[in-house]
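The values are calculated or read from the model by the stated rules, or taken from the named source; none is laboratory data. Because the structure is predicted, anything quoted here is derived from the model rather than measured. Cβ atoms come from the backbone with ideal geometry, glycine included; neighbour counts cover every protein chain shown. All accessible areas refer to the heavy atoms of the entire protein, side chains included, with ligands and DNA or RNA removed. Shrake-Rupley method; radii C 1.70, N 1.55, O 1.52, S 1.80 Å.
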Amino acid sequence: MTLTKKMGAEFLGTFWLVLGGCGSAVLAATFPDVGIGLLGVSLAFGLTVLTMAFAIGHISGCHLNPAVSFGLWSCGRFSTAELGPYIIAQVAGGIAGAAILYVIASGQAGFDVTAGFASNGYGEHSPGGYNLTAALVTEIVMTFMFLIIILGATDKRAPQGFAPIAIGLGLTLIHLISIPVTNTSVNPARSTAVAIFQGDWAISQLWLFWLAPIVGAILAGVVYKWFESENNS
């Protein structure tokens, strides 16, 4: 598979993740009478990854997330040469998804993108008022566990064909835990996409949602590589 096709798949997959996941938060979370709430948003994010893993996993590996690419790279499963192009495609796809969401959401009278637009934040911009330290720890640990799930589920020794289900449900669980803390990132592309449209505080706090997920992912890659080592069998 050519790198161009892989990048196209990553663009499309991340587009769907942002449109589906953030779209559920912006359009449906508090919809009158039938709002899907925290549980529904969590499930929506998981479903975007699950569906795309089946749809494009055989093309690009379905990373959809710079942190996932870094985690696979640190575990020795992803090439350095493709790291930059994948991240570019993921961020671009995420921005495209956020742009479509903005067009849809702005069709409602009274829509105010500065109210949040599913952006990630800490302190006064955390859904539950959690401080920077709590947000940093949450994003590192949640991304660490997400990568452990991904690396384990896609291990050649694991049951074959079930990885998308484990990964999608894993992301659902992560959102159930951490939406109150940071609105859940574990994905720099997802955070960047909506922050660009929200602007203001979302941009100023964006550094954490690049740093923490990448640190957590790289740590997970190193740990899982130790599990894979034959010397430790």
Practice prompt. First compute the accessible area of the chain with a 1.4 Å probe, then give the percent of it belonging to carbon and sulfur atoms.
Written response: 69
Discussion item. If each residue of separation counts as 0.36 nm, what is the full-extension length gain between Ile59 and Ile203 once their alpha-carbon separation is subtracted?
Written reply: 48.6 nm
Discussion item. Nearest 500 deg cm²/dmol is fine: what mean residue ellipticity at 222 nm does the chain get from its DSSP H runs of n ≥ 4 alone, each adding -39,500 (n - 2.57), divided by its residue count?
Written reply: -22000 deg cm²/dmol
Item to complete: Considering Cα pairs under 8 angstrom that are at least six residues apart, work out the relative contact order of region 61-205 and quote it in whole percent.
Response: 36
Fill in: Cα→Cβ-extended label distance, 7 Å offset, between Leu169 and Ala81, nm
3.8
Worksheet entry | Probe 1.4 Å, protein heavy atoms only - accessible area per residue of region 1-119 in square angstrom | 44
Practice prompt. Give me the number: length gained by fully extending Thr4 to Glu124, i.e. 0.36 nm times residue separation minus the C-alpha to C-alpha distance, one decimal in nm.
Written response: 39.1 nm
Discussion item. How large is the Rg to Rh ratio of the chain when both quantities use alpha carbon positions and Rh follows Kirkwood?
Written reply: 0.96
Worksheet item: Of all chymotrypsin sites (Phe, Trp or Tyr not before Pro) in region 153-233, which ones are in loop regions per DSSP and have a Cβ with at most 12 other Cβ atoms within 10 Å?
Response: Phe162, Trp207
Worksheet item: Using alpha-carbon pairs under 8 Å, 6+ residues apart, how would you state the relative contact order of region 40-108 in percent?
Response: 20
Worksheet item: What is the Cα centroid distance between region 74-106 and region 185-219, reported in whole angstrom?
Response: 12
